[in-house]
1. Based on DSSP, what percent of beta bridges with both residues in the chain are antiparallel, to the nearest 5?
2. Neighbouring Cβ atoms within 10 Å as the yardstick, rank Leu156, Leu245, Leu273 fewest first.
3. Which values, in whole Å and largest first, are the semi-axes of the equivalent ellipsoid of region 114-271 obtained as the square root of 5 times each eigenvalue of the Cα gyration tensor?
4. Please list the equivalent ellipsoid semi-axes of the chain, computed as the square roots of five times the alpha-carbon gyration tensor eigenvalues, in descending order and whole angstrom.
5. Mind giving me the nanometre distance, one decimal, between the label points for Ala53 and Glu269, set 7 Å out from Cα along Cα→Cβ?
6. Reachable lysines from Lys263, Cα under 20 Å, same-chain residues fewer than 8 places away excluded?
7. Viscosity 0.692 mPa s, temperature 37 °C: what is the translational diffusion coefficient of region 86-193 from Stokes-Einstein with a Kirkwood Rh over Cα pairs, rounded to a whole number of µm²/s?
8. In region 32-158, if every C-alpha pair distance is counted and binned at 5 Å from zero, what percent goes to each bin?
Amino acid sequence: RAKQNGRNGYCFFSQQLHDDLLRRHRLAERLRGALRNDEFVLHYQPQVAAHNARIESFEALLRWYPSQGDPISPAEFIPVAEQSNLIHRLGDWVIHEVCRQQAEWRDRGLGGRRIDINLSGKQITQLGVFRHIEECMMEHDLTTRDIGIELTENVLIQADSKVLEHLRRLYHEGMKIAIDDFGTGYSSLSYLKTFPITSIKIDSTFVRDAPTDPSDRAIMEATVFIGHRLGLEVVAEGVENRAQLELVREIGCDLVQGYHFFKPMAADEVAGLLRSHVDAGR
Ligand code: C2E
Ligand code: MG
Ligand code: MG
Ligand code: MG
């Protein structure tokens, strides 16, 4: 009987693993088709100045609306895209689309605000991504002020010297480079000094609990302190309510991103928002 249980236990786990693999495999297949069928769009979430809520920049966030079935979250499909190597084509599409959109807004008199692009770890191992960024900027007459990039700590740590060379060049050409989800990876403070970065985005998990959890607040305060001492801009991610907003203002974050101000929005919606912003002289 014991043996039987053990056997079932084993089968249960291997079944689980098998299902998981199969799901990912199917997702990878669907991703391939989705690229051909134009099932992706970008949404844009404003990043606003903490002190006056002026929109300073946007983060581009990928959305997948399959022609059949429910939308799938990037948290689910980005890892699959990475494993199946589709991230390169998908990432290139994101870069091109951001540049195209930025140029369109500029041509309609709505430009002037940077759009930040998330780059994943695998994506930057192919150095062609940096050429692609430059080509897309050239094609649309953009400068390094028009777009920025976001990388997580773990991606930066794993970056080899060639990748760092490219990042350093973009940095010296004036591009904003942010550490995303700061505090959740294998952070070491010395990285803040050695990597070519301009901004720190404090992860939403700290922001969420900081109003009631003194430890989270202390981590945020320390991050703002060291960030500013090193000349970096500090962004608070995931600000959803007044208490969080008041706290991030009090401790001196420069920029705020989160549902309290804006959710990620479709491009049309952003255009409307920018128009009213421009009309209000902001
Ligand atoms: P991220 O780069 O840290 O993006 C921030 C995530 O927080 C987004 O989730 C955004 O919608 C969400 N968010 C913003 N404000 C709030 C808030 O107030 N409350 C809550 N609960 N959430 C908020 P999203 O769009 O689902 O993206 C998840 C992750 O997927 C991103 O995290 C990023 O790592 C990845 N991702 C998204 N688009 C791309 C892309 O184009 N390329 C790559 N490589 N990764 C992407
Ligand atoms: Mg990001
Ligand atoms: Mg983030
Ligand atoms: Mg995140």
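1. Working: 13 of 33 bridges.
For the chain, the DSSP antiparallel bridge percentage is about 40.
2. On the way: Leu156 24, Leu245 21, Leu273 16.
If I rank by nearby Cβ atoms, fewest first, I get Leu273, Leu245, Leu156.
3. Numbers: eigenvalues 152, 78, 33 Å².
Equivalent-ellipsoid dimensions as semi-axes: 28, 20, 13 Å.
4. On the way: eigenvalues 210, 131, 85 Å².
Working from the Cα gyration tensor, I get semi-axes of 32, 26, 21 Å.
5. Between Ala53 and Glu269, the label points sit 1.7 nm apart.
6. Hits, sequence-local ones excluded: Lys201.
7. On the way: Rh = 14.4 Å.
Answer from the Stokes-Einstein relation: 228 µm²/s.
8. P(r) over region 32-158, rounded to whole percents: 2, 10, 19, 22, 20, 15, 9, 3, 0.
A short reminder: the numbers here are calculations on the coordinates, not readings from a lab. Keep in mind it's a predicted model, so treat the numbers as computed, not measured. All Cβ positions, even for glycine, are placed from backbone atoms using ideal geometry, and neighbour counts span all protein chains on display.
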